[in-house]
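Below is one structure, written out as structure tokens; comments come after it.
The values are calculated or read from the model by the stated rules, or taken from the named source; none is laboratory data. On a predicted model such as this, the values are computed, not experimentally measured, just so you know. Positions of Cβ are backbone-derived with ideal geometry, glycine not excepted, and every protein chain shown enters the neighbour counts. Remember, those area values only see protein heavy atoms, side chains included, never the ligands or the DNA or RNA. Shrake-Rupley method; radii C 1.70, N 1.55, O 1.52, S 1.80 Å.
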Amino acid sequence: MDRALAEARAAALRGEVPVGAVVVAPDGRVVAAAGNRTRELSDPTAHAEVLALRAACAAAGSERLPGHDLYVTLEPCPMCAAAISFARIARLYYGAEDPKSGGVAHGARVFSHPQCHHAPEVYDGIGSQEAGRLLRDFFSGRRD
């Protein structure tokens, strides 16, 4: 999660919402890491999770990542939760919860739907204090 938090801090420095994601292979190697780049790329799908999954899939030469873990600083939105399912991620670890836009424990609860073909094991609250602080600081600076 430390690497995901570093990606989130880097995203904030670029003016992006501070969310970071890291994909870890079954052998423990970090195979991809990314932070949000929606503004930089003018791409609403350029969330940290999607970018990290794309890079990990490209490195693996496959659209699926069985046995891989995904660490994310914020509860994934429904779009990202669906991508996590499609990629067949084994375990999802996330930090801060997202009652407004989350898609795992809140809102759409993508992994709970019968249409969901694969649901990872989910572990929440990992690094949540630091992840939450990054988000609060980022948004409070925009509201002042």
**Fill in**
When (1) within 11 Å of the chain's Cα centre (by Cα); (2) under 18 Å from Glu121 (Cα atoms); (3) open to solvent by less than 10 Å² (accessible area, probe 1.4 Å); (4) of a type outside the set (Phe, Trp, Tyr) are applied to Leu65, the one that fails is (1)
**Item:** Unmet criterion (only one of (1) open to solvent by less than 40 Å² (accessible area, probe 1.4 Å); (2) of a type in the set (Gly, Ala, Ser); (3) out of contact with any Cys (no Cβ under 7 Å at 6 or more places or on another chain)) for Ser85
**Value:** (3)
**Request:** Evaluate the following for Arg54: is it under 19 Å from Leu41 (Cβ atoms) and either at pLDDT below 95 or surrounded by fewer than 24 Cβ atoms within 10 Å (Cβ to Cβ) (or both)?
**Result:** yes
**Request:** Of all residues in region 129-144, count the ones that are open to solvent by less than 60 Å² (accessible area, probe 1.4 Å) and either over 16 Å from Cys77 (Cα atoms) or at pLDDT below 95 (or both).
**Result:** 5
**Prompt:** Restricting attention to region 109-136, and to residues there that are assigned to a helix (DSSP H, G or I) and touching a residue at least 40 places away in the same chain (Cβ under 8 Å), which single residue is nearest to Ala96 (Cα to Cα)?
**Reply:** Ala131
**Message:** For region 34-62, give me each residue that is charged (D, E, K, R), more than 16 Å from the chain's Cα centre (by Cα) and more than 19 Å from Gly15 (Cβ to Cβ).
**Reply:** none
**Asked** Being closer than 19 Å to Asp27 by Cβ and surrounded by 17 or more Cβ atoms within 10 Å (Cβ to Cβ), is that true of even one residue in region 98-119?
**Response** no
**Request:** State which residue is most open to solvent (accessible area, probe 1.4 Å) when the search covers only region 1-28 and only residues that are assigned to a helix (DSSP H, G or I) and without any contact (Cβ under 8 Å) to a residue 40 or more places away in the chain.
**Result:** Leu13
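When region 48-88 is examined, which residues are found to be touching a residue at least 40 places away in the same chain (Cβ under 8 Å) and outside any helix (DSSP H, G or I)?
Passing the criteria: Leu65, Gly67, His68, Asp69, Leu70, Tyr71, Val72, Thr73, Leu74, Glu75.
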